[in-house]
Every structure is written in structure tokens, then in C-alpha cells.
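Comments concern the structure below.
The values are calculated or read from the model by the stated rules, or taken from the named source; none is laboratory data. In this text the structure is predicted, and so the values were computed from the model without any measurement. Every residue, glycine among them, receives a Cβ derived from its backbone with ideal geometry; neighbour counts consider all protein chains shown.
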């Protein structure tokens, strides 16, 4: 799987968030999109995911020699992000079962194994609205990581995690993402230490005028 960006730009109203992004993301590699809060990292990730359209430029999705229609790319990715919410009326078991009606489990995994890895067996039938913010973040990450897709997108993956949660996240990434195209939006080094490629969003903010 490859994602190819050609002169990608995105603006809101009259203001450009970034412009002239030329980049290739390839499966089997881990990439970090870096920048300060509010710099446009999440916007670029949403453009990559196809949930936001680019204001200019072209994005190509390739699987082998085949080109994937942008409308079909969602089936090839899983994502965890602060702006994507869990259904808090569901129990943990119900949330997992609902999610995997639409996507497949990684081979060898099922809801029971995910709950075991989350270490949340005691609360598997408890409504998610009663979970702590750290427990909810673990659930978001597990749903994304254990979905059988070649592309994995993570935005601020350790938000609300304590030290133990951070170690759990790092182990999760080390064990279950090696063969995938992994893209992490972050400004926290401990979140992206697995990434061998880095894209600085500030490198794509050098333009002359809002409409230039």
C-alpha cells in the first residue's frame, strides 16, 4: 500500500494551513507528522484518510499496481483520534462487537483476546461512559490496532494515558504494526520513537500570501 501526495494544500476560508506537500508513504514503514498544537497535523491526517478533501493537489492510493478509488480507501485504513468518539452507551463488549461488524479482526484475534490485552475483563459489561479517560483511550487504540487494515493512522495516541498506559501503547505498537503503513501525528517524542521517517508540517507553511 502506498499513499502519494502531489502538491497537496488545504485551506480554511482564506487561510492556507499547508501547501505544496509532496510525499510518499509506503507500507512497512512508520512515519511521524510533527508540529506544534494547531499547526495542521490533524488536518493533514484527515486529508490522508479521505475525510477532508485537499484544496489543491492530488492524492493517490495504490495497492500493488492497482489504484484505489478515494471513496473506497476507508476500507483499507483504521484510525484512532481525539475527534473520533466511542459510543458511550455501549458496554466495552458491545463497542467491540459493533466496530467489527464493519471491519475484520487481525488474524488470530477476537473480542475476548482484545479485552484480555486491554486488561479490562472486570468491566467488559460496563457502559463506556463510566470509564476513565485513560481507559477510553486504550479502547480507541485497541479498536484501531486490531483492525485488519494495511494502513494505521494515530493522532495524539497517548493523550490521557499515564506512565503505565504509555508503556502499554509502546508495546502495542512494537508487537502489532510492523508490516503496516503507520502514520502518527504527534509533538511528543515518546509517541513516535518507533518512526523512522518524519514530516515537519512547518516545512509546508512557506507561502507568500493567503491566496498566493
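Quick rundown of the values:
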| item | result |
| --- | --- |
| Among (1) exposed (fewer than 13 other Cβ atoms within 10 Å of the Cβ); (2) part of a strand (DSSP E or B); (3) touching a residue at least 24 places away in the same chain (Cβ under 8 Å), the one test that residue 67 misses | (3) |
| Yes/no for residue 75 being assigned to a helix (DSSP H, G or I), under 17 Å from the mean Cα position of the chain (by Cα) and surrounded by fewer than 16 Cβ atoms within 10 Å (Cβ to Cβ) | yes |
| The listed residue being in contact with a strand residue (DSSP E or B) (Cβ under 8 Å, 6 or more places away or on another chain) and either within 20 Å of residue 34 (Cβ to Cβ) or surrounded by fewer than 16 Cβ atoms within 10 Å (Cβ to Cβ) (or both), out of 99, 197 | 197 |
| Residue in the range 37-60 that is touching a helix residue (DSSP H, G or I) at 6+ places or on another chain (Cβ under 9 Å), in a strand (DSSP E or B), at pLDDT 95 or above and surrounded by 20 or more Cβ atoms within 10 Å (Cβ to Cβ) present | no |
| Residue that is farthest from residue 185 (Cα to Cα), among those in the range 126-147 that are part of a loop (DSSP other than H, G, I, E, B) and out of contact with any helix residue (DSSP H, G or I) (no Cβ under 6 Å at 6 or more places or on another chain) | 126 |
| Residue 7 being part of a strand (DSSP E or B), at pLDDT 95 or above, touching a strand residue (DSSP E or B) at 6+ places or on another chain (Cβ under 9 Å) and at positive phi | yes |
| Which listed residue, of 18, 12, 25, is in contact with a helix residue (DSSP H, G or I) (Cβ under 9 Å, 6 or more places away or on another chain) and surrounded by fewer than 19 Cβ atoms within 10 Å (Cβ to Cβ) | 12 |
| Candidate set from the range 113-125 (those that are assigned to a loop (DSSP other than H, G, I, E, B) and in contact with a helix residue (DSSP H, G or I) (Cβ under 7 Å, 6 or more places away or on another chain)); member that is nearest to residue 185 (Cα to Cα) | 120 |
| Complete set of residues in the range 150-198 that are in contact with a helix residue (DSSP H, G or I) (Cβ under 7 Å, 6 or more places away or on another chain) and over 19 Å from residue 118 (Cβ atoms) | 150, 151, 153, 155, 183, 184, 185, 186, 190, 194 |
| Search result, residues across the range 178-190 that are part of a loop (DSSP other than H, G, I, E, B) and closer than 13 Å to residue 32 by Cβ | 187, 188 |
| So residue 160, is it free of Cβ contacts under 8 Å to residues at least 40 places away in the same chain, at positive phi and out of contact with any strand residue (DSSP E or B) (no Cβ under 6 Å at 6 or more places or on another chain) | yes |
| The range 83-96: number of residues that are exposed (fewer than 14 other Cβ atoms within 10 Å of the Cβ) and closer than 26 Å to residue 52 by Cα | 5 |
